[in-house]
Amino acid sequence: MAQQPGAVPSREFLWGIFQSVDKDRSGFISADELQRALSNGTWAPFNSETIRLMIGMFDKQNRGTISFEDFGALWKYVTDWQACFRSFDRDGSGNIDKDELSTALKTFGYNLSDGTVNTIIQKFDRHGGRTILFDDFIQCSVLLNLLTTSFRQYDTDQDGMITIHYDQFLNMVFNIKM
Ligand SMILES: [Ca+2]
Ligand SMILES: [Ca+2]
């Protein structure tokens, strides 16, 4: 799954990729098929939570699989994230360290303390290297976005602070689709 970022692929190009990913020729890409197709640049399997999040985002019919109609948007999403990941991986190490993540989060518009950036690294570092790989970077960014959107629904004056009751807190957390 690689082409120059920003390029709009032809339907034929996408169909070729779709067919190579759809190993059992069912006409749909399952979570397993997508996981096998995506790579972290390591031998470790692609984070299955990230696969689940991505299928959830692009599976318009709620079947748990991706049809060819949904595939173009998914393909663009993955290649955009690849370009994003590469641009923040300043030293070309293939992973994102704390300084790189800090820069990425600032660029995304998040104003987070050093302690919070450390907590995020710890949560999404599945390999014990104090760094984040491509799949975990996507998961981290998607979850940050979901959590921030949820917070903002309560932060009506946008001052970065909310006062909520226990019941509202649980309602907020359980309503987050993650
Ligand atoms: Ca299939
Ligand atoms: Ca790096």
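The values are calculated or read from the model by the stated rules, or taken from the named source; none is laboratory data. Computed from a predicted model, the values in this text were never measured in an experiment. Positions of Cβ are backbone-derived with ideal geometry, glycine not excepted, and every protein chain shown enters the neighbour counts.
Which residues, counting only those in the stretch 165-178, are modelled with pLDDT of 95 or more and part of a loop (DSSP other than H, G, I, E, B)? The one that is modelled with pLDDT of 95 or more and part of a loop (DSSP other than H, G, I, E, B): H165. Count of the stretch 22-36 residues, restricted to those that are closer than 18 Å to F46 by Cα and within 8 Å of ligand 1 (Cβ to nearest atom), is 5.
The residues on offer are I121, I96, and the sole one that is within 11 Å of ligand 2 (Cβ to nearest atom), hydrophobic (A, V, I, L, M, F, W, C) and modelled with pLDDT of 95 or more is I96. Residues satisfying the criterion are present in the stretch 69-78 (criterion: within 16 Å of ligand 1 (Cβ to nearest atom) and out of contact with any helix residue (DSSP H, G or I) (no Cβ under 9 Å at 6 or more places or on another chain)). Against the condition among the basic types (K, R) and either under 14 Å from I176 (Cα atoms) or over 19 Å from the mean Cα position of the chain (by Cα) (or both), how does R130 come out, does it pass? No; evaluated as a whole, the condition is false for this residue.
Just checking, does the stretch 102-111 include any residue being within 30 Å of V8 (Cβ to Cβ), free of Cβ contacts under 8 Å to residues at least 40 places away in the same chain, surrounded by fewer than 12 Cβ atoms within 10 Å (Cβ to Cβ) and within 16 Å of ligand 2 (Cβ to nearest atom)? Yes - at least one qualifying residue is present in the stretch 102-111.
Within the stretch 109-124, the set of residues being of a type in the set (S, T, Y) and closer than 21 Å to D135 by Cβ comprises Y110, T119.
Of the candidates D80, D159, the single residue that is modelled with pLDDT under 95, over 30 Å from W43 (Cα atoms) and away from ligand 2 (no atom under 14 Å from the Cβ) is D159.
Against the conditions (1) free of Cβ contacts under 8 Å to residues at least 60 places away in the same chain; (2) within 22 Å of F137 (Cβ to Cβ); (3) away from ligand 1 (no atom under 14 Å from the Cβ), E49 satisfies every one except (1). The residue list I66, I55 contains one member that is more than 23 Å from E12 (Cβ to Cβ), without any contact (Cβ under 8 Å) to a residue 60 or more places away in the chain and crowded, with 18+ Cβ neighbours inside 10 Å, which is I55. Within the stretch 106-118, does at least one residue satisfy the condition of being touching a His at 6+ places or on another chain (Cβ under 9 Å) and of a type outside the set (K, R)? Checking the stretch 106-118: not a single residue is touching a His at 6+ places or on another chain (Cβ under 9 Å) and of a type outside the set (K, R).
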